[in-house]
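Taking it in order: structure first as structure tokens, then the write-up.
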Amino acid sequence: MTTPPEAPAPAPGRCPVAHGFDAMGDAYYTDPAKHLAEVRGEHPVFFYPYLNAWIVTRRADVEAVLSDWQAFSSAANSALIDVPEQHRAVIPPDLMSQMLVGSDPPSHTRHRAVAQRGFTRSRMEALAPGIEARAHRIVDRFEANGSGNLMEDYCLELTTQTIMAHMGLGAEDDPMMRQLRDDLFQVLASAQEPLPEPRRGEVWERFTRAALYLREIIDERRENPGTDLISDMASVRDKDGAPVLTSAQIALHLAEFAAAGTDTTAQAMANAVLFLADNPQALADAQADPDLWSSVFEETVRRRPSSSFASRQAVRDTVIGGVEIKADDMVWLALASANTDPEHTEAPFAFDIHRHDAGGHLAFTQGRHTCLGQDLARVQGAIGLKVLFERLPSLRPVQDAPLDFVRMALLPVRRSLPVTWDPEDTGRRTLARTTHRLTLRVAERREESQGVASFVLEHPDGGALPAWKPGAHIEVDLPGGMSRQYSLCSDPAEAHRWRIGVLREPAGRGGSAHLHDTVQAGTVLKVSRPRNHFPLRTAERYLFVAGGIGITPILAMIRQAEADGADWTLLYGGRTRASMAFLAELAPYGGRVLVRPQDEFGLLNLAGHFGEPADGTLIYACGPEPLLRAAGAASAHWPQGSLHVERFAPKTAETAGQEQEFEVEFAASGLTAKIPAGRSILQVAEELGLPALSSCAEGTCGTCETPLMSGEAEHRDAVLTEAERQAQDTIMICVSRAAGTCPRLVLDL
């Protein structure tokens, strides 16, 4: 923890002084509003020697100062920043005085107008889907851990990735932007609080280096603008065609956004977790009604603003709250205190997410210096909390966690918030994880063979995608409510890209035709997280069989077998050589790949490929149904469990025309229902309003898999293995039914 510097000697004749107030003490960092309330009654305005500033605590007085920029200037917030001599050629003091947080009209008005277009409410609301997708992807990384540092693992990760995406910066800039955020806070605080050496020199060296780097990016965006915030600001020109702001000025503002756009919202989300832990009914209400997450965020920043103070400098002698303030005196406005002033707010210390005037607080200040990014904070804070508790509903802060702050009175920066949760959470977390869609961009499209195209998918902000293993597939959402499943055929070790291969099926239902006809590089698609019902089990040797587009899951399996040092061979068939995809990719494997197009070799010689059963050998086959039936026949003499297949469509049930009515008890919901002939368990469950998950509705994707607690099912899906069918532990409720001799199933739903 940072050790606070020695407090300066009190200025003579400054009274009153609230001797109980200590902006470096634990009470302040535990709860700034309550600590300020302890002195507000006796000293609503008092002098604080450590900051050499007056502290204003009452709502009416704070609003009066915020509304009068001519009497109370913001310029001292940056004009008093002492730029080291060796850096003034790059960052002159006059430049620092142009920070948005530390300037007055007309300069402030001109600079803010350039930046404001990048933070309009409609534009921030348009970022919501990307923020939600990003939040889910971040939770994917750590949800199995059961504990972590919420600040670093989630809050700052989300806000940093969002502001970088808004600026159009890539993953390679991530370390620089995180450091710039921390350095800017220290530079800004140095206008009012001492910044000791050698930390001062280190901070300014990094800050200057980052400024130069950002200026290069700004210059490039002036010439080649995109749709990002930097391009927007760089493209604004005056009536004569000259840029309104220089690259140096824009870079300075980007540093402000890197700090304010990340840390303040991250601090607010962490504070919300603490308040919700102490107010379980508020958490329950928000979980029951997701629209309340906005109110949770508003009540959090009312109760504990991320910036406890806003600072101003008196332009002339004046009186605040009966206390004489001299010209040039610094005045610190206690936002945390103003928001909990009992003269303005009923039950000010209650955490009430149902307040009538939820946004009637000063956390974002007011007047000309109202927070530029407040709409981003509101959108991101609410979404970030909603996703966090959807995915980890049992998340709670660790009891008696240490107060781990960078101790700056103006901007108390929480460095860690240890939290725990149950990694086996079900219910809402499972529902959110299964149904949530990722928004990905097509980075590359290639024609792999006649009728087969591959599509490489990446996240728009360049971040890592959820991990997967060979055999996994994703669902791709298509127009008209369609979704189609495609196997991942890239390398699982490539964390930032997925690849799918798609066969155009002229006689299909339109999904593959849409992808082939309309999707190009740059197209945005919504896809599911990977699911895997065709996992590659560990073995000494593999016999792979692929027919046509069935090669896609096998490609990833071959890579895994190679990485594991296992022996393997592939028998690959297709109608013609020209129709067989990824042949060039397979060529380096030489004789281990047997390419057998039907027009040259006839039907695949499966019996010859399989041979006699061998210890430590597994067979994996994927392709059309005739191939899989033949694989089953050719391996019938192998031990049970040797053959693993993936189908493109479910097996046709022999008893499909003889369906009988049966009964299902939905044990988790306490309901029982009849399932008539011609209707599925899924359809009845949905009519009852049960939280049943589904996607394909034809037994191929596995989304609707439900634990089978009692009874015998007739499995009609293409997902379960023969051993899993015989175990009778689970059922795909979109197609499978009770076996003919079983009148009742009990499901965990």
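The values are calculated or read from the model by the stated rules, or taken from the named source; none is laboratory data. Small disclaimer: the values here were computed from a predicted structure and weren't measured. Heads up, the Cβs are rebuilt from the backbone with ideal geometry, glycines too, and the neighbour counts pull from every protein chain shown.
Can you tell me which residues in the stretch 179-208 are farther than 22 Å from Gly102 by Cα and either under 33 Å from the mean Cα position of the chain (by Cα) or charged (D, E, K, R) (or both)?
Glu197, Arg199, Glu202
When you scan the stretch 363-410, how many residues do you find that are at pLDDT below 85, in a helix (DSSP H, G or I) and surrounded by 18 or more Cβ atoms within 10 Å (Cβ to Cβ)?
Of the residues in that region, 1 qualify.
Taking the residues in the stretch 671-705 that are in contact (Cβ under 8 Å) with a residue 40 or more places away in the chain and over 18 Å from Ser528 (Cβ atoms) as candidates, determine which candidate is surrounded by the fewest Cβ atoms within 10 Å (Cβ to Cβ).
Restricting to residues being in contact (Cβ under 8 Å) with a residue 40 or more places away in the chain and over 18 Å from Ser528 (Cβ atoms), the top hit is Leu690.
Could you check the stretch 14-55 and list, in sequence order, the residues that are β-branched (Val, Ile, Thr) and outside the structural domain of Thr340 (by TED's automatic domain parsing)?
Matches in the stretch 14-55: Val17 only.
Of everything in the stretch 502-538 that's assigned by TED's automatic domain parsing to the domain that holds Gly451 and under 24 Å from Val595 (Cα atoms), which residue is surrounded by the most Cβ atoms within 10 Å (Cβ to Cβ)?
Once the filter is applied, the top-ranked residue is Val502.
Can you name the condition, by its number, that Pro12 falls short on among (1) modelled with pLDDT under 95; (2) closer than 25 Å to Leu184 by Cβ?
Status for Pro12: all satisfied but (2).
Can you list residue pairs whose Cβ atoms sit under 8 Å apart, with the first residue in the stretch 614-627 being in the same structural domain as Ser487 (by TED's automatic domain parsing) and in contact (Cβ under 8 Å) with a residue 12 or more places away in the chain and the second being surrounded by fewer than 24 Cβ atoms within 10 Å (Cβ to Cβ) and assigned to a strand (DSSP E or B)? Count only pairs 6 or more apart in sequence or on different chains.
Listed by first residue and then by second, the contacts come to nothing, as the list is empty.
Restricting attention to helices (runs of 4 or more DSSP H) lying wholly within the stretch 582-697, give those where 2 or more residues are of a type in the set (A, V, I, L, M, F, W, C).
583-586, 606-610, 625-634, 681-687
Every residue in the stretch 296-311 that is modelled with pLDDT under 95 and closer than 17 Å to Ala60 by Cα, please.
Ser308, Phe309, Ala310, Ser311
Going residue by residue through the stretch 342-352, is there one that turns out to be surrounded by fewer than 20 Cβ atoms within 10 Å (Cβ to Cβ) and in contact with a Cys (Cβ under 9 Å, 6 or more places away or on another chain)?
no
Please verify whether Leu95 is in contact (Cβ under 8 Å) with a residue 40 or more places away in the chain and more than 25 Å from Lys526 (Cα to Cα), treating the condition exactly as stated.
Yes, satisfied.
Report yes if some residue within the stretch 574-581 is assigned to a loop (DSSP other than H, G, I, E, B), surrounded by 12 or more Cβ atoms within 10 Å (Cβ to Cβ) and without any contact (Cβ under 8 Å) to a residue 60 or more places away in the chain; otherwise report no.
yes
Report, by residue number, each residue of the stretch 473-498 that is over 21 Å from the mean Cα position of the chain (by Cα) and surrounded by 23 or more Cβ atoms within 10 Å (Cβ to Cβ).
Correct list: His473, Arg484, Tyr486, Ser487, Leu488, Cys489.
Quick one: what pairs do we get from the stretch 511-528, first residue modelled with pLDDT under 90, second in a loop (DSSP other than H, G, I, E, B), C-beta under 7 Å, 6+ apart or different chains?
Correct list of pairs: Gly511/Leu478; Gly511/Met482; Ser528/Arg437.
Can you name every residue in the stretch 291-329 that is small (Gly, Ala, Ser) and in a loop (DSSP other than H, G, I, E, B)?
Ser306, Ser307, Ser308, Gly321, Gly322, Ala327
Which of the residues belonging to the stretch 330-362 are of a type in the set (Ser, Thr, Tyr) and part of a loop (DSSP other than H, G, I, E, B)?
Result: Thr340, Thr345.
Which number in (1) more than 28 Å from the chain's Cα centre (by Cα); (2) crowded, with 19+ Cβ neighbours inside 10 Å marks the one condition that Ser231 misses?
Failing condition for Ser231: (1).
Residue check, Arg441 against (1) among the charged types (D, E, K, R); (2) surrounded by fewer than 17 Cβ atoms within 10 Å (Cβ to Cβ); (3) under 21 Å from Arg559 (Cα atoms), all met but one. Which one?
Going through the list (1) among the charged types (D, E, K, R); (2) surrounded by fewer than 17 Cβ atoms within 10 Å (Cβ to Cβ); (3) under 21 Å from Arg559 (Cα atoms), Arg441 breaks only (3).
Can you tell me which residue in the stretch 133-186 is nearest to Ala115 (Cα to Cα), limited to those that are among the polar types (S, T, N, Q) and surrounded by 22 or more Cβ atoms within 10 Å (Cβ to Cβ)?
Taking the candidates together, the pick is Thr162.
Quick one: in the stretch 613-629, which of the residues that are farther than 13 Å from Arg541 by Cβ and not basic (Lys, Arg) is surrounded by the fewest Cβ atoms within 10 Å (Cβ to Cβ)?
Selected residue: Pro626.
In the list Leu229, Leu214, Leu245, which residue meets the criterion of being closer than 18 Å to Met99 by Cα and in contact with a His (Cβ under 6 Å, 6 or more places away or on another chain)?
Going through Leu229, Leu214, Leu245 in turn, just one is closer than 18 Å to Met99 by Cα and in contact with a His (Cβ under 6 Å, 6 or more places away or on another chain): Leu229.
Residues of the stretch 730-749 being over 33 Å from the mean Cα position of the chain (by Cα), part of a loop (DSSP other than H, G, I, E, B) and surrounded by fewer than 17 Cβ atoms within 10 Å (Cβ to Cβ), which ones?
Matches in the stretch 730-749: Gly740, Thr741, Pro743.
For the stretch 709-729, what are the residues that are surrounded by fewer than 21 Cβ atoms within 10 Å (Cβ to Cβ) and either more than 23 Å from Leu643 (Cβ to Cβ) or free of Cβ contacts under 8 Å to residues at least 60 places away in the same chain (or both)?
Met709, Ser710, Gly711, Glu712, Glu724, Arg725, Gln726, Ala727, Gln728, Asp729
Condition check: touching a Cys at 6+ places or on another chain (Cβ under 6 Å) and either surrounded by 24 or more Cβ atoms within 10 Å (Cβ to Cβ) or at positive phi (or both). Does Ala266 satisfy that?
yes
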